[in-house]
Amino acid sequence: MLFIYLINRTNDCLTFAFIFHLTFYNVKGMEDPKISALLIVFNEEKNIEEALNSVEFADEIIVLDSFSTDKTVDIIKNKYPKVNLYQNKFEDFTKQRNLCISYAKNDWILFLDADERITPKLRSEILKEIKKPITQNAYFFKRKFFFMGEKVNYSGTQNDKNIRLFKKEVAHYDENKRVHEGLSNVDNPGTLQNYLLHFSFDSYDAYYKKVIHYSKLKAKDLHEKGVHYKMVKQLSKSAFNFFKMYFLKLGILDGKKGLILSYLSALSSFKTYEFLKEEYA
């Protein structure tokens, strides 16, 4: 009887110890996961308010500004005092994104461009997903693309998605990519079902400026990879990019918008090699 009594007492002690551990030592694990929303910006006075409003649910909001010359910084300081604002001279997108991540305090990173918007449905899905007992390390967001104020249905946007939500501890941006930067150390990312709204440029001129800016960065990437200028490659890549977007990706079904986007896609390749010739030949 004494032996059985001792066994029962031992089991009681072990049970108490287990409950004590869960209650007092694992509190952090029982807390809701926290999100840091990050934006890198330059001259985004037209977009910054709506972008920040769409991530107001985040536990921390960080903006890294590249010394804007418009009212972007003033708007943030005057209307969003809780936003953590930093400034750093722009070199390339990857360096800016990785620097911005280094400022974040929370486990989950939500990266947003100033021309993107989190919808209420997407917000709810984000919060629900990260509270699951088992999660992916990163998540794709499907995007609905708008150009010159109108929704684009084709032109390669049918399958448009980017990783926008990921765990800080496992991911960073690949330093070998200055443009269309991608995350490293991400395996089997999940995909959220609700859409991120992408309000791209409201005019041809604005998009053209982006093409020129990106082309210079891509030319530098090619140069550092040992690629040399060849007219045949410049012309063939430009022609193929137009053909791919306008016909293979059904830009023709988007009417005038599809034609403009296909032309700008071709122009991007043409200008990239043009800058490669002018700057690095």
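Charged (D, E, K, R), touching a Phe, Trp or Tyr at 6+ places or on another chain (Cβ under 7 Å) and not assigned by TED's automatic domain parsing to the domain that holds N153, is that true of D221? Against the criterion (charged (D, E, K, R), touching a Phe, Trp or Tyr at 6+ places or on another chain (Cβ under 7 Å) and not assigned by TED's automatic domain parsing to the domain that holds N153), D221 does not qualify.
Restricting the search to strands (runs of 3 or more DSSP E) fully inside the stretch 131-217 and requiring at least 3 residues that are closer than 22 Å to K121 by Cα and of a type in the set (A, V, I, L, M) gives 190-199.
Go through N188, N153 for me and flag whichever is under 27 Å from S102 (Cα atoms) and either at pLDDT 90 or above or of a type in the set (S, T, N, Q) (or both). Of the residues listed, the single one that is under 27 Å from S102 (Cα atoms) and either at pLDDT 90 or above or of a type in the set (S, T, N, Q) (or both) is N188. Within the stretch 248-281, being of a type in the set (F, W, Y) and within 28 Å of the chain's Cα centre (by Cα) holds for Y263, F270, Y273, F275. Residues that are without any contact (Cβ under 8 Å) to a residue 24 or more places away in the chain and of a type in the set (D, E, K, R) were ranked within the stretch 92-134; the one that is farthest from V55 (Cα to Cα) is K132.
Has the stretch 214-226 got any residue that is in contact (Cβ under 8 Å) with a residue 24 or more places away in the chain, exposed (fewer than 15 other Cβ atoms within 10 Å of the Cβ) and more than 28 Å from the chain's Cα centre (by Cα)? The answer is no, given that none of the residues of the stretch 214-226 is in contact (Cβ under 8 Å) with a residue 24 or more places away in the chain, exposed (fewer than 15 other Cβ atoms within 10 Å of the Cβ) and more than 28 Å from the chain's Cα centre (by Cα).
Restricting attention to the stretch 231-267, which residues are of a type in the set (S, T, Y) and farther than 17 Å from F147 by Cα? Correct list: S236, S238.
The values are calculated or read from the model by the stated rules, or taken from the named source; none is laboratory data. Not measured: the values here are computed from a predicted model. All Cβ positions, glycine included, derive from the backbone under ideal geometry; neighbour counts span all protein chains shown.
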